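See structure below.
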Ligand code: SF4
Ligand code: SF4
Ligand code: SF4
């Protein structure tokens, strides 16, 4: 029985590039994101509700704007430490997970994970964090890719397929033709 097909589908990929050399840690991106996602929109600007947070590493005199990637059940058992130009950075500094290891990316009242939604579905909408960044540390790009994806036959296809298996395609086709004729007759009587 046919259960799934695969094929190439076009997919829009939105990217925000972060230039750490340009970021000065002003945190305007946090405020813009929080305000855009407030309910009603722009009614508050609490950074702890933002889906982008500036991770501050004072040891390294470094600020990293990280977008949230959503809920993680557990903190990592093994973590990497990156050495960049002689300075050490913890993996957590670049991680967008709302995990038990820290308070970042959790809605302060409910504790639910916050996740960046790229400010909606419209690829032409420049995300608010990018719009507000006066240092051009954030840049937005949209690309179209062709990806292999499994396409599940919808329910009607599955239903027709099983009817055809049971009664034969000819019987199904003549039944459909009969029903179409009856439908046309009803329309004519109206
Ligand atoms: S608005 Fe730009 S410069 Fe300011 S913290 Fe965010 S990324 Fe950095
Ligand atoms: S913040 Fe990220 S890297 Fe660090 S423990 Fe949590 S999931 Fe792992
Ligand atoms: S893209 Fe939108 S939702 Fe994501 S961090 Fe930026 S402002 Fe927030």
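The gain in end-to-end length when the residue 115 to residue 149 segment is fully stretched comes to 9.8 nm, 0.36 nm per residue minus the alpha carbon separation.
The label point for residue 102 and the one for residue 48, both projected 7 Å from the Cα toward the Cβ, are 1.6 nm apart.
Spacing of the modelled spin labels on residue 39 and residue 136, each 7 Å from Cα toward Cβ, amounts to 3.8 nm.
Need the full-extension length gain, residue 71 to residue 15, defined as separation in residues times 0.36 nm minus the C-alpha distance. One decimal, nm. Don't skip to the end; give the middle numbers.
On the way: separation 56, 0.36 × 56 = 20.16 nm, distance 2.02 nm.
Difference between extended and current length: 18.1 nm.
Sorted ascending by nearby beta carbons within 10 Å, beginning with the fewest, 89, 71 become 71, 89.
To make sure I understand, if each residue's beta carbon is the centre and we count other beta carbons within 10 Å, what order do 18, 147 fall in, fewest to most? Mind showing how you got there, number by number?
Numbers: 18 18, 147 10.
The most exposed by this proxy come first: 147, 18.
Look at 56, 66, 12, 31 and count the other Cβ atoms within 10 Å of each Cβ; fewest to most, that gives 12, 56, 31, 66.
Give me Rg over Rh for the stretch 1-127, both radii from the alpha carbons and Rh done the Kirkwood way, two decimal places. Show your work: numbers first, answer last.
Values: Rg = 17.3 Å, Rh = 16.6 Å.
Value, to two decimals: 1.04.
Read-outs throughout are calculated quantities, based only on the coordinates presented, and are distinct from any laboratory measurement. Here the structure is a predicted model, which is why all the values come from computation and not from measurement. With ideal geometry, Cβ positions are generated from the backbone for all residues, glycine too; neighbour counts draw on all protein chains shown.
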